[in-house]
Amino acid sequence: MERTFIMVKPDGVQRGLVGEVIQRLECKGFTLVGLKQLTVSRELAESHYAVHKERPFFKSLVEFITSGPVVASVWEGDGVVASARKLIGATNPLTAEPGTIRGDFGVSIGRNLIHGSDAIETAQSEVALWFEDGELSSWKPSITPWIYED
Ligand code: IDP
């Protein structure tokens, strides 16, 4: 089953949106398989955002992500990577559609509340970067037949 990595960033934690994010993903029908709050080290932040290391906002992004606790999670479900990106909305909250997390709760690109893996391969490497195997639970919710036809 497909998995994705979702992180509520320090602004989302400070604003009390952790429950809202979890609820939206649960209500959609995805399964939570890993969850933890942590304060991110510089090393982890730089690895996570390595693809952006030449961008002008890289330094402030790393400083921001390491500035307070984040809530890291792993979710499972059919098409979860692309679907979670839709639930999250566009990178800039000002242009993100209403009904998306960023569209409903944010106004600034540097405070866009949440991260979600952008592709299946990225999701696999991000899950491995943020979680040990023993921190993830493989389980099948008993409600599964009410979410999937087979
Ligand atoms: P994504 O989070 O929607 O996948 P990316 O382009 O991968 O967007 O950028 C990673 C993160 O870097 C964004 O979520 C945002 O926090 C930050 N970021 C991207 N572009 C800018 C910018 O132009 N100014 C400040 N921060 C930015």
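Quick note: the coordinates plus some simple rules give every number you see, no bench work behind them. Keep in mind that what you see is a predicted model, and the values were worked out from it rather than measured. Every residue, glycine among them, receives a Cβ derived from its backbone with ideal geometry; neighbour counts consider all protein chains shown.
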At a Förster radius of 41 Å, what calculated FRET efficiency corresponds to the Cβ-Cβ distance of Thr91 and Ser137, to the nearest 0.05? 0.85
In debye, nearest 20, what is the charge dipole magnitude of the range 3-146 about its Cα centre with +1 on Lys and Arg Cβ and -1 on Asp and Glu Cβ, if you could check? 340 debye
Please report, in debye to the nearest 20, how large the charge dipole of the range 14-91 is about its Cα centre when each Lys and Arg carries +1 at its beta carbon and each Asp and Glu carries -1 there. 200 debye
Per-residue ellipticity at 222 nm attributable to helices in the chain (runs of n ≥ 4 DSSP H, -39500 (n - 2.57) apiece, nearest 500 deg cm²/dmol) works out to -10000 deg cm²/dmol
With +1 on the Cβ of every Lys and Arg and -1 on the Cβ of every Asp and Glu, and nothing else charged, how large is the dipole of the range 90-150 about its Cα centre, in debye rounded to the nearest 20? 340 debye
Pick out, from Val107, Phe58, Gly68, the residue whose Cα sits farthest towards the positive end of the charge dipole of the range 39-107, with +1 on the Cβ of Lys and Arg and -1 on the Cβ of Asp and Glu. Phe58
Can you tell me the orientation of helix 18-28 relative to the chain, as the angle in degrees between its alpha-carbon axis and the longest Cα principal axis, to the nearest 10? 40 degrees
If you bin the C-alpha pair distances of the range 45-134 every 5 Å from 0, what whole percents do you get? 3, 13, 20, 23, 25, 13, 3, 0
Quotient of Cα radius of gyration and Kirkwood radius for the chain, i.e. Rg/Rh, equals 0.95
Tell me, in nm to one decimal, what length is gained between Cys27 and Ala82 on full extension, where the rule is 0.36 nm per residue of separation less the Cα-Cα distance? 18.2 nm
Which trypsin sites (Lys or Arg not before Pro) from the range 1-89 combine a DSSP loop assignment with at most 15 other Cβ atoms within 10 Å? Arg15, Lys53
Say the dipole of the range 3-146 comes from +1 at the beta carbon of Lys and Arg and -1 at that of Asp and Glu; which of Leu94, Gly116, Ile143 then lies farthest toward its positive end? Leu94
DSSP-defined antiparallel bridges as percent of all bridges, the chain, nearest 5: 95 percent
